[in-house]
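Contents: one structure, followed by commentary.
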Amino acid sequence: MSARFTVKNMGKTIFDVAVAAGVSTATVSRALSRDRSERVTEKTRVKITKIAEQLGYRANHAARSLKRQSTMTIAVVVPELINDFFMEVAEGIERELDQNGYTMLLAASLNSVEEEKKRISTLEDRTVDGMVVIPSASMGEHLQALSDRGVPVVLVDRIVEGAELDAVLSDNEGGMFKLTKALLSDGFRRIAFVGGDLTASTARERLSGYARALAEAGITPEPGWVCLGGMNVEDGYRRMEDVLKGGSVPEAAVAVNLLVHLGMERRLSETASGVVIAGFDESGYTPFLPACRYIAAQDTVGMGKRAGKRILELVAEKKNNRTYAGRRIIRLPVTIIRP
């Protein structure tokens, strides 16, 4: 009796959907697949999806993953979830994945290499099809090892030592060069560079752009103008304080990133120095920062979309047993704006 009750109340099957839609079970499977490359018209997909919803049918993606040896998921590991920049990049990745029937699994490394390794290990155990990583540190042997084990990997925002992996980056050097040139064009000659952990490729490249702009203008930075150390708000506050206490206070300063910029603004609000700031990274509130003269705006969502596209290309290459063509570094342009 209980067995008959169970059978009677079982959910609808793929066969029920096929009968109701007047198609084969194979067509239903393709229509409900997360992979939009499956051969089925959009009209048929919409029709079958609507019938499946009306019948209460849910596809068994776990079983399909075993059959296809693909989970249709991509893992994304970022240093922290509270940083707007990382979340905008993740938004771009998710848009690209969703358009292609993939699901994103998001994890934070908490700015720790050890935590990054743990997250990667856990996600690898879930047999994700690939990983997109914004590295938490400068060393990437563990990321190279992941790739060597057959997991497609794409880096975003930063490149690391010990790994020859595909990466999607901004034109950090060129962007900071243009940002510094904008200040020079306004007549500023004494310009400081504030913040930056030189173990991060982004900071090294931005410092290089700053130095090149001053060199082309025939300017040699005075001692104390290059004030390195950290990438966060408190770092910006402390470094700006160091600059103000120096022997030769500059007329302007470039900020290595948005968080450092915010810390610098906070410190400047406590004094009447007249120093103006040109910052790297745009946000919705940069127009309200009183010392801000220029912003180097990165295409963060675009970076994410390009990284999502590249990881899916690598997944397809692996699926089709194509030979890896070699490392690709993709750099997106940076736009200088005046808030």
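The values are calculated or read from the model by the stated rules, or taken from the named source; none is laboratory data. Note that the structure is predicted; figures quoted are calculated from it, not measured. Positions of Cβ are generated from backbone atoms using ideal geometry, with glycine treated the same way; all protein chains shown enter the neighbour counts.
This table checks each residue for (1) surrounded by fewer than 20 Cβ atoms within 10 Å (Cβ to Cβ); (2) of a type in the set (S, T, N, Q).
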{"residue": "Ser147", "(1), (2)": "no, yes"}
{"residue": "Leu155", "(1), (2)": "no, no"}
{"residue": "Ala167", "(1), (2)": "no, no"}
{"residue": "Phe177", "(1), (2)": "no, no"}
{"residue": "Gly187", "(1), (2)": "yes, no"}
{"residue": "Ser208", "(1), (2)": "yes, yes"}
{"residue": "Ala211", "(1), (2)": "yes, no"}
Could you give me the residue pairs with C-beta distances under 8 Å whose first residue belongs to the stretch 127-146 and is under 19 Å from Tyr102 (Cα atoms), whose second residue is hydroxyl-bearing (Ser, Thr, Tyr) and crowded, with 23+ Cβ neighbours inside 10 Å wherever it lies, and which are 6+ apart or on separate chains? Asp129/Tyr102
The correct count of residues that are over 15 Å from Gly263 (Cβ atoms), part of a helix (DSSP H, G or I) and without any contact (Cβ under 8 Å) to a residue 60 or more places away in the chain in the stretch 204-241 is 12
Might you let me know whether the stretch 54-64 holds any residue that is farther than 30 Å from Ala108 by Cα, of a type in the set (Ser, Thr, Tyr) and modelled with pLDDT under 95? yes
Report yes if some residue within the stretch 159-173 is among the aliphatic types (A, V, I, L, M) and either in contact with a Gly (Cβ under 6 Å, 6 or more places away or on another chain) or on the phi > 0 side of the Ramachandran plot (or both); otherwise report no. yes
Any residue in the stretch 250-278 that's of a type in the set (Ser, Thr, Tyr): show its pairings with residues that are surrounded by fewer than 24 Cβ atoms within 10 Å (Cβ to Cβ) at Cβ separation under 8 Å, as long as the two are six or more apart or on different chains. Ser269/Pro290; Thr271/Leu244; Ser273/Leu244; Ser273/Val249
